[in-house]
Amino acid sequence: MATDYGQGYGHDSGLGFAEGTRRHRLPSALRAPFEARSWSELAYVLLGLPIGVFLFTYAVTMVSLGAGLLVTFLGIPVLAAGLAGCRGFGALERGRARALLGLEVGDPEPLRMRKQGVMGWMGAVLGSGTSWRTLLYALLYLPWSVFSFVVSVTFWSIGWSLMTYPLWFWLFPMYGGQDGLQLYGDESHHIYLDNAFEIGVTALVGLLFTMATPWIVRALTMVDRVLVHGLLGPTRLSARVVELESDRGVVVDTAAADLRRIERDLHDGAQARLVALAMDLGLAKEKLTEDPQAAARMVDDAHGEVKTALQELRDLARGIHPAVLTDRGLDAALSAVASRCTVPVQVEVDLPARPAAAIEGIAYFTVSELLQNISKHARATWASVDVWRVENRLMLQVVDDGVGGADTAGGSGLAGLAERLDAVDGILVVDSPEGGPTRITAELPWRAEPAMR
């Protein structure tokens, strides 16, 4: 089950700290009113009001019309059409959130039609939870869009108008005949902001409003993110189904690759030696009466071939599932693997019981492949293997003092190992800076072995 991880060592990820993190001279509170993100979030809120009005009107009209016509057959197709329209608008809303909020929301589960035709389509639309969740979104979004629109526009307009008041203050006495910005006025008393101190305080208050408004809008859009993600995205169950389908494909591909490897090893190794052995024994049989000494030499050579073929079959069987793992468990099996490594390896296994056979096998082959990787590419002088259990997780950690640079990106063998672990809800974490050391930690779900194996 060896995998070549050569591409995983000695390569940089291509993104340094200086490139991945941009430093700004101004603090975020001062940058926020001028950042593109703040304006895109404001645009999302401003567009939300007309869109919310349209969605609410459409949803209420179609549902009311469909419910009113349910006494006749026309109510069902009208209601189905209304829900289908809500699904379409849900796709547009996901696109708007993706473009303006940077929110990546996957598509919900598609319609599952049990039978073809119009009746099957209407049944699928009416029976889909996604259809009703998009309808709920259309009904809830209007009151929220009104609230967020009013709050955002109020804060933005007050903030910018007060902050820029010194720029347009002189227009009022010149063109409007006013003494300044009127705060209060009745028949006998008026209060204006018409001196330098009051103008400065007004601009300062406007600056505070302007700096606070982007964060208020951002908080409002967090509710929009929750609505879009919760009502227009895939449910947790459907996302889990998609993940399991993907993991099943990885398992099938891995099993097929292992079968091809075993077939190739048998064909090119032990099978070829056995064929040659049969031919040599046939020739020795023919020479047995004519030249006994030559026949004896041929039989001796055949005996050596038998030993080599048996060793190859033994190695192949160990690669499929070693007998020591079945008989004695992870501790003995990993110790045997460590003894074949080119560097000294310290193995420590601390498990209260044996895990399930499938998890035990995955853990064995994970450590085996990582140790082979160390032998081939790490240029290390020592390594260690630790296995322990934390609650419902089986933890594996392989450490070496090699050159480092291991990475799961770039199509390396570590990426394939991570995919195998992910297929059983496992995790692979690689910590391997350039120059070493390398620390690779794997997590697997813990399932105890039944009492009788």
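When each of THR57, THR134, THR72, THR61 is tested for being of a type in the set (S, T, N, Q), over 21 Å from LEU227 (Cα atoms) and at pLDDT 90 or above, the lone residue that passes is THR61.
When LEU244 is tested against the conditions (1) open to solvent by 40 Å² or more (accessible area, probe 1.4 Å); (2) modelled with pLDDT of 60 or more; (3) of a type outside the set (S, T, N, Q), the lone failure is (2). Listed by first and then second residue, the pairs linking a residue in segment 203-218 that is under 8 Å from LEU162 (Cα atoms) to a residue that is open to solvent by 40 Å² or more (accessible area, probe 1.4 Å) and among the β-branched types (Val, Ile, Thr), with Cβ atoms under 6 Å apart and 6 or more places separating them unless they lie on different chains, form an empty list.
Please find, among SER131, SER152, the residue that is assigned to a helix (DSSP H, G or I), touching a residue at least 24 places away in the same chain (Cβ under 8 Å) and more than 18 Å from GLY66 (Cβ to Cβ). Walk me through it before giving the result.
Values: SER131 fails: more than 18 Å from GLY66 (Cβ to Cβ).
So the residue among SER131, SER152 that is assigned to a helix (DSSP H, G or I), touching a residue at least 24 places away in the same chain (Cβ under 8 Å) and more than 18 Å from GLY66 (Cβ to Cβ) is SER152.
Quick one: is ILE76 free of Cβ contacts under 8 Å to residues at least 60 places away in the same chain and in a helix (DSSP H, G or I)?
So ILE76 passes the test.
Of the residues making up segment 38-59, those that are in contact (Cβ under 8 Å) with a residue 40 or more places away in the chain and farther than 17 Å from GLY88 by Cβ are SER38, SER40, GLU41, LEU42, ALA43, TYR44, VAL45, LEU46, LEU47, GLY48, LEU49, VAL53. Scanning segment 129-167 for residues that are buried (at least 20 other Cβ atoms within 10 Å of the Cβ) and under 16 Å from GLY90 (Cα atoms) yields a total of 9.
In segment 115-151, what residues are farther than 30 Å from VAL217 by Cα and more than 31 Å from the chain's Cα centre (by Cα)? Full working, then the answer.
Applying the first criterion (farther than 30 Å from VAL217 by Cα) to segment 115-151 yields 115-129.
Result: LYS115, GLN116, GLY117, VAL118, MET119, GLY120, TRP121, MET122, GLY123, LEU126.
Scanning segment 366-385 for residues that are surrounded by fewer than 20 Cβ atoms within 10 Å (Cβ to Cβ), over 18 Å from ASP431 (Cβ atoms) and not charged (D, E, K, R) yields SER375, THR381.
The values are calculated or read from the model by the stated rules, or taken from the named source; none is laboratory data. Since we're looking at a predicted model, the values are computed, not measured. Glycine gets a Cβ as well: all are built from the backbone with ideal geometry, and neighbour counts include every protein chain shown. With ligands, DNA and RNA removed, areas are computed over all heavy atoms of the protein, side chains included. Shrake-Rupley method; radii C 1.70, N 1.55, O 1.52, S 1.80 Å.
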